[in-house]
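Chemist: One structure is given below, represented as structure tokens, and several questions about it will come after.
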Amino acid sequence: TTVLRTVLDSHPDLAVSHEGRFVYPLSRRRASYERPEGFDVDALAGDLLADRAVRTNLGMDRDDLRAALGGAPVADYPDAVRRIFAYYAARVGKRRYGDKMPAYVLHLPVLAEMFPEARFVHIIRDGRDAAASLYRQPWLRADAATSGKREPGGYLHGPWAPWWVEKD
């Protein structure tokens, strides 16, 4: 998946982030952002900044989020997500955007409903290749479970994948 992300991101018009991670998880909190008095940009920005992946994988800080979500009022959560990724793309001079997040395969109906214009690329890897790749990752090793270290997206090291076992 990382190779495909790199290939797609090399296109002059397409910026593909490395696992933004927030799109589906924060969609479950839409009601806390979409208020009768208007969209709560500050609440969303706070939740985004609490996620290490947003700060590292998207390279965004509070000022970036203000810039991305500024201007016309944010209509709803999908509008906010579009603005964040459009800002991400614009920073590198690109006009289209994508997010490489393998765990989103578990939530395609929700994502397709929020983003009817979206196009999804689904890679089916040879299970042996995927297992060999994951075996080499330090954050999935059992002996790393008590290290207190975190993998690139911010999850604790250990022999589990939290996004596979989180409750909806």
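The values are calculated or read from the model by the stated rules, or taken from the named source; none is laboratory data. Not measured: the values here are computed from a predicted model. When we count neighbours, we look across all protein chains shown, and the Cβ atoms used for this are built from the backbone with ideal geometry, even at glycine.
Chemist: I'd like the full set of residues that are closer than 22 Å to residue 60 by Cβ, of a type in the set (Phe, Trp, Tyr) and out of contact with any Phe, Trp or Tyr (no Cβ under 9 Å at 6 or more places or on another chain), limited to region 91-143.
Modeler: 115
Chemist: Only residues that are in contact with a helix residue (DSSP H, G or I) (Cβ under 7 Å, 6 or more places away or on another chain), part of a helix (DSSP H, G or I) and hydrophobic (A, V, I, L, M, F, W, C): list them for region 46-65, please.
Modeler: Within region 46-65, 48, 49, 54, 65 meet the criteria.
Chemist: Which one is surrounded by the most Cβ atoms within 10 Å (Cβ to Cβ), of the residues in region 10-48 that are touching a residue at least 60 places away in the same chain (Cβ under 8 Å) and of a type in the set (Asp, Glu)?
Modeler: Result: 19.
Chemist: Do you know which residues across region 66-113 are acidic (Asp, Glu) and part of a helix (DSSP H, G or I)?
Modeler: 79, 113 - these are the residues of region 66-113 that are acidic (Asp, Glu) and part of a helix (DSSP H, G or I).
Chemist: Restricting to region 124-139, give me the number of residues that are modelled with pLDDT of 70 or more and surrounded by 12 or more Cβ atoms within 10 Å (Cβ to Cβ).
Modeler: 4
Chemist: Next up: Identify the single condition in (1) more than 14 Å from residue 81 (Cα to Cα); (2) in a strand (DSSP E or B) that residue 6 does not satisfy, given that it satisfies every other one.
Modeler: Checking residue 6 against (1) more than 14 Å from residue 81 (Cα to Cα); (2) in a strand (DSSP E or B), the one that fails is (2).
Chemist: Please go through region 81-103 and give me each residue that is buried (at least 18 other Cβ atoms within 10 Å of the Cβ) and in contact with a helix residue (DSSP H, G or I) (Cβ under 6 Å, 6 or more places away or on another chain), ordered by number.
Modeler: Answer for region 81-103, where residues must be buried (at least 18 other Cβ atoms within 10 Å of the Cβ) and in contact with a helix residue (DSSP H, G or I) (Cβ under 6 Å, 6 or more places away or on another chain): 81, 83, 84, 87, 97, 100.
Chemist: Is there any pair with a first residue in region 80-97 that is touching a residue at least 40 places away in the same chain (Cβ under 8 Å) and a second that is part of a helix (DSSP H, G or I) and surrounded by fewer than 18 Cβ atoms within 10 Å (Cβ to Cβ) whose Cβ atoms are under 7 Å apart and which are 6 or more apart or on different chains, and what are they?
Modeler: 97/86
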